[in-house]
Structure formats: structure tokens, C-alpha cells
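S.K.: Questions regarding the structure given below will be posed in turn.
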Amino acid sequence: MKIVIPKEYLTDERRVPLIPSNVEQLVKLGARMEVETGMGKPSGYADDEYVSAGATLNQDRGALLSSADLVLRLHKPPIEEIELLREGSIHISYFDPFNEKGILDKFVSQGISAISMEMIPRVTRAQKMDALSSQASLAGYAAVIIAAERLNKVFPMMMTPAGTISPSRVFVIGVGVAGLQAIATAKRLGARVEAFDTRPVVEEQVQSLGAKFVKIDLGETGQTKDGYAKALTEEQIDKQRQEMAKHCAMADVVITTAQIFGKKAPLIVTKEMVAAMKNGSVIVDLAAQSGGNVEGTVRGEEVVVNGVTIIGMENMPSRVAIHTSQMYSNNLTSLITEYWDDETKNFELCLDDEIIKGCLVTHENEIFSETFKKLM
Ligand code: NAD
């Protein structure tokens, strides 16, 4: 089986889909690996390292894609590049299938078996393939580091001959994978941390990290079978905002990570809540890419509103690209290894396997995934 990895086409992306050590692993399984010349460069991997790992290089992107049995990428493919793929080939990447109907249709008409990394089910067996988690965790870390750098205070308590400095207060809204890592990082830096999530099961996890869980009685909230939050009603979200306002006003740093899988992120911090925050405080809106949790967030930018810095930076994982590349590359390799047939030396799509059923979105000129069949 020929596995190809084209260069990522977004020029500001510093992550790469596959690192040399994983190429070596796949070569040992019997895969023929071909990478586009310069593919590893954004994360500092030289072409020579891929060659030493057993891959061949190809400068001709069109030829590379059209000869592939399996394509590995990070970001969604441009539609015109799907046209280059062979019927029956497999494509694995993020591709935002809830919002990218054009890409979905193209995969169907072209007869591509497309696996969406966003759709890897959250079951124990798939944890090692779960790119949403691996990337979100490091994004949570990076968000706190940026906030600490922008804040004109220190995080830890310090008792010095020149006086005592009280710890900075960090409020984390949304305690999924990113939020938990944000709490852990802020605690390591010595901040006083509070956190809130609509899923009550999170309370214990927050406490185990030494942070305080903010309790708000919103009535029935619950979570899906995959552990994702359910969307709140308008009344619930209003109540949440009222209760959160005082915690935001006390905070030096607010990190928001609240998401509803496959939907626009809920607006939690209103402009009135921002206006009531302390001059010099910092908000990092990690949901900026899916609509933002904060009124006033500008996607991809850093703005100052009434003395409060709101950071809507996109692609936080790219800021720590060495480790996020390593994690994503491991996620892809685990997925391939799990379904590798040692006799045929192929990645075999086991169509009745629960992980494949969850993440294989298109197959043989049809929508394959039940989730998307229902949506269509
Ligand atoms: P996510 O990125 O979809 O959402 C982030 C957080 O925002 C979630 O914790 C969610 O409850 C919260 N949220 C949504 N609306 C909110 C609101 N109005 N106010 C405050 N918070 C709100 O979720 P995620 O981080 O990808 O994962 C969520 C959970 O899934 C994890 O905490 C974990 O329990 C579970 N999970 C399980 C596995 C596994 O079993 N393999 C893997 C990863 C995650």
C-alpha cells in the first residue's frame, strides 16, 4: 500500500501530519511511504530525516496525490485536490464534515473512503487515535502560557522582603480536555483557579486538580453518550451568565473552552460581563474558531476592550507544533496500525468495527456514517 503525505497548504500552520519516527514504524509494517518534498519543514523535520526513515520524496504534488492508496493530512483538503485522488483510495484528515458539505459531496462523487479525525469515537479503544483530545490538551496548556505572558501580573503568590504578592485568579469556563489542561497548567504556575462546566461529572476532576468548582443550579444539563455537553436552553444560559459575571469580575484571567460538538459554540461572556472585568485582565477564547464564547472576540486576533485583552487566536495547537505534531502523528499511526493487515500489507477498512463506523464518513460513492446519513 502506498501512503502519501502532502505538505499542509495553510502557510501559517507549523504542525505536520506525520513525523519521521512514525514513518519508520509504518515502513516496518510494509507500507510504501512517499512524502512531498519539504513536508516536515514547518515543524523542523528535514527531508533527509524522512528519507532515512524509509520514505521517498516527491516534488510533484499532483503526481503524489494521484498515485496514493492512502493520503494522510492534518487539515481538510482543497476540493480541487480531491479531484486528483484515485477512486477507491482512502483519505484521512480533519475535514469538519458538519460544515463542509462541498468536501463531503466531492468525496462521495469521487468514490473516496474519507475518514474524519474529528469523528473518531470516544471509546477507550480509540483513545490513542483521538486527535481532538491530543490537540485540545496542548491547546489548553498554550492558552494559559499566552495569558500569563500578556497579563501584567505574576501567577504565583510570592512572599518577599518587599511585600507579599497575592496569587492571580484564573477562571476556566468549560472543563473538557482543553479546560482540564488549562487548570493543571495555571495551578502549576501558582494561580488560584476556579472552573465551571455544565456537566456536573466534572466537579470531582476539577477538585482533584486543586481548583474550585463553581456550582450553579441550571436544572437538567446532562451529556451525550460520547461525553459531550448538550446545548443549554436560552433560560439556562441566561442564568449561567448571571452567575458567572461575578467570577469573571474577580478574575485576572478567563479561559473559555466551551463547545457543543458539531455546533456553534455558546456565547457565555457578554460584553457587559467583559466591561465589569478588571482593567488589565486577559481573556483567552479557545472557542474562537467555532464562533467564540465571548462577545467581542475577533477570530484570529487580539483586541483590547475597556482595558481587557481578548485573545481570539486561532490554531492554538500550532503554537506548540513540535509536540502537537508528535501527538497527531501518533494518533494517525495508531489508527493505521490498528487496522493494518500483515498479510496483505494494507490498511483494511473493517466496515463493521465501531471505530470505523464512527469515523468513516464516505465510502464507495455514498455517505457511510450513520450520523451524516441522518443529517443529509
Ligand atoms: P468539547 O471541546 O466539545 O467541549 C469543551 C467543554 O465545554 C466540555 O467539557 C463541555 O461540557 C463544556 N461546555 C459546553 N457548553 C458549556 C457551557 N454553556 N458552559 C460551560 N461549559 C460548557 O469537549 P471535549 O473537551 O472534547 O470532551 C468532553 C468530554 O468528553 C471530556 O471531558 C471527557 O469526559 C470526554 N472524553 C472521553 C474520551 C474517551 O472516553 N475516549 C476522550 C476524550 C474526551
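The values are calculated or read from the model by the stated rules, or taken from the named source; none is laboratory data. The structure displayed is predicted, hence computed values, not measured ones. Positions of Cβ are generated from backbone atoms using ideal geometry, with glycine treated the same way; all protein chains shown enter the neighbour counts.
S.K.: Mind listing just one residue for me: the one in region 123-164 that is buried (at least 23 other Cβ atoms within 10 Å of the Cβ) and over 17 Å from the mean Cα position of the chain (by Cα) and, of those, nearest to the ligand (Cβ to nearest atom)?
M.R.: Per the criteria, the residue is 147.
S.K.: Would it be correct to say that residue 325 is buried (at least 17 other Cβ atoms within 10 Å of the Cβ) and either more than 15 Å from the ligand (Cβ to nearest atom) or not assigned by TED's automatic domain parsing to the domain that holds residue 174 (or both)? It would help to see each step written out before you state the result.
M.R.: On the way: buried (at least 17 other Cβ atoms within 10 Å of the Cβ): yes; either more than 15 Å from the ligand (Cβ to nearest atom) or not assigned by TED's automatic domain parsing to the domain that holds residue 174 (or both): yes.
The answer is yes for residue 325.
S.K.: Name the residues in region 230-254 that are near the ligand (Cβ under 8 Å from one of its atoms) and touching a residue at least 40 places away in the same chain (Cβ under 8 Å), would you?
M.R.: Within region 230-254, just 240 meets the criteria.
S.K.: For residue 104, indicate whether it is buried (at least 19 other Cβ atoms within 10 Å of the Cβ), away from the ligand (no atom under 16 Å from the Cβ) and closer than 22 Å to residue 339 by Cα. Quick ask: steps written out before the conclusion?
M.R.: Values: buried (at least 19 other Cβ atoms within 10 Å of the Cβ): yes; away from the ligand (no atom under 16 Å from the Cβ): yes; closer than 22 Å to residue 339 by Cα: no.
Here the answer is no, as residue 104 does not meet what is asked.
S.K.: Sticking with this one: Return the total of residues in region 209-255 being small (Gly, Ala, Ser), more than 18 Å from residue 276 (Cβ to Cβ) and not in a loop (DSSP other than H, G, I, E, B). Break it down into steps so the answer makes sense when it comes.
M.R.: Start the filter on region 209-255 by keeping residues that are small (Gly, Ala, Ser), which leaves 210-211, 219, 222, 227, 229, 231, 245, 249, 251.
Subsequent filtering for residues that are more than 18 Å from residue 276 (Cβ to Cβ) retains 210-211, 219, 222, 227, 229, 231.
Those left that are additionally not in a loop (DSSP other than H, G, I, E, B): 229.
Matching residues across region 209-255 total 1.
S.K.: Could you list all residues from region 183-215 that are surrounded by fewer than 16 Cβ atoms within 10 Å (Cβ to Cβ) and either over 28 Å from residue 150 (Cα atoms) or within 10 Å of the ligand (Cβ to nearest atom) (or both)?
M.R.: 200, 201, 204, 215
S.K.: Tell me the residue from 221, 257 that is under 19 Å from the mean Cα position of the chain (by Cα), within 11 Å of the ligand (Cβ to nearest atom) and on the phi < 0 side of the Ramachandran plot, please. Spell out how you get there, then give the answer.
M.R.: Values: 221 fails: under 19 Å from the mean Cα position of the chain (by Cα).
Just one listed residue meets the conditions, 257.
S.K.: Counting only residues that are modelled with pLDDT of 95 or more and under 25 Å from residue 101 (Cα atoms), give me the strands (runs of 3 or more DSSP E) lying completely in region 289-376 with at least 2 of them. Don't jump to the end; show me each part of the working.
M.R.: On the way: elements: 302-305, 308-311, 360-363.
Because the criterion is at least 2 residues that are modelled with pLDDT of 95 or more and under 25 Å from residue 101 (Cα atoms), the strands (runs of 3 or more DSSP E) in region 289-376 that meet it are 360-363.
S.K.: Quick one: in region 165-193, of everything that is within 22 Å of the chain's Cα centre (by Cα) and assigned to a loop (DSSP other than H, G, I, E, B), which residue is nearest to residue 257 (Cα to Cα)?
M.R.: Going through the qualifying residues, I end up with 174.
S.K.: Could you look through region 165-177, keep only residues that are more than 6 Å from the ligand (Cβ to nearest atom) and more than 16 Å from residue 210 (Cβ to Cβ), and pick out the one that is surrounded by the most Cβ atoms within 10 Å (Cβ to Cβ)? Before you say what the answer is, go through the steps one by one.
M.R.: Keep residues of region 165-177 that are more than 6 Å from the ligand (Cβ to nearest atom), which gives 165-172.
In the following step, the residues that additionally are more than 16 Å from residue 210 (Cβ to Cβ) were identified as 165-166.
Working: 165: 15, 166: 10.
In this case the residue turns out to be 165.
S.K.: Please list, ordered by residue number, the strands (runs of 3 or more DSSP E) wholly in region 41-106 having 1 or more residues that are more than 25 Å from residue 375 (Cβ to Cβ), at pLDDT 95 or above and of a type outside the set (Ser, Thr, Tyr). Talk me through it step by step, then tell me what you get.
M.R.: Values: elements: 56-58, 70-72, 90-93.
Hits in region 41-106: 56-58, 70-72.
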